[in-house]
Ligand SMILES: O=P(O)(O)OC[C@H]1O[C@H](O[C@H]2O[C@H](CO)[C@@H](O)[C@H](O)[C@H]2O)[C@H](O)[C@@H](O)[C@@H]1O
């Protein structure tokens, strides 16, 4: 495991050549019951402003719709984040602070059909209390707070339902997303790297949707780029722990680490 100091020193040695990409929920934003109430940890927001003014690229790569991440994150117009990039819906959407441009594909008919069918389907499958989050390109079914076993019991039939609609399943923390696009956070990260040609790439995430971004960092390393993976750890999801260069204890610790990086710069 790479030490915190090694990562910090690599960034401090080449801030302009560094691309720092972060996941939103569970990494920048503490996990809360209601997805609409999530917010970026205040210390992380402050540190990102400082880092944005120093690093070559700061990006948020999230499963959230890009406009939602923008609003919940309070990123628009924030000092230091004039060049921020947000890749939403695992990279299917994008917002660039520099231009204000938003790109988002048309809503697939399959997602619209699924969104209509889901409330009845959940009631019939014993999960009427599951929270449905319609994300335009995907529909997420949240089971946080419903008790143990609900996610497990609806997981397989939900996957069948996704397949029946020609959609892909994206599992996450107390959530299953049924989405149209097969684009991953790894694709989003590779696109940013292709555009910005960083010499140092740092990616931080907490959940299964971040695995492809970790894979991308591994590939970049094999190609000679200096790369670091950071896990925002939780008891809920441990898959990234063995793969991370730096393991931090959730969003509080991520915020403290970002402050430390900003201070070091
Ligand atoms: O890629 P991310 O930024 O991590 O987004 C992944 C999904 O996160 C959200 O759900 C998660 O956070 C919620 C708020 O804390 C929590 O209630 C839920 O249990 C978590 O799974 C979000 O609602 C999804 O749309 C994102 O795709």
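The values are calculated or read from the model by the stated rules, or taken from the named source; none is laboratory data. Everything quoted here is computed from the prediction, not taken from an experiment. Backbone-built Cβ (ideal geometry, glycine too); neighbour counts: all protein chains shown.
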ask   = In segment 157-168, how many residues are on the phi > 0 side of the Ramachandran plot and either crowded, with 16+ Cβ neighbours inside 10 Å or over 24 Å from the mean Cα position of the chain (by Cα) (or both)?
value = 0
task = Looking at (1) crowded, with 20+ Cβ neighbours inside 10 Å; (2) outside the structural domain of residue 190 (by TED's automatic domain parsing), find the lone condition where residue 131 falls short.
result = (1)
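Looking at this structure, is residue 194 away from the ligand (no atom under 15 Å from the Cβ), without any contact (Cβ under 8 Å) to a residue 12 or more places away in the chain, assigned by TED's automatic domain parsing to the domain that holds residue 29 and part of a loop (DSSP other than H, G, I, E, B)?
No.
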ask   = If you go through segment 197-218 one residue at a time, how many are over 10 Å from residue 229 (Cβ atoms) and either in a strand (DSSP E or B) or more than 15 Å from the ligand (Cβ to nearest atom) (or both)?
value = 4
remark   = Of the candidates 125, 142, 136, the one satisfying the condition of being closer than 14 Å to residue 65 by Cβ and either out of contact with any strand residue (DSSP E or B) (no Cβ under 7 Å at 6 or more places or on another chain) or surrounded by 15 or more Cβ atoms within 10 Å (Cβ to Cβ) (or both) is 136
query = How many residues does segment 145-156 hold that are away from the ligand (no atom under 11 Å from the Cβ) and surrounded by 13 or more Cβ atoms within 10 Å (Cβ to Cβ)?
reply = 4
note = Among residues of segment 168-191 being farther than 19 Å from residue 234 by Cβ and in a strand (DSSP E or B), the residue nearest to the ligand (Cβ to nearest atom) is 179
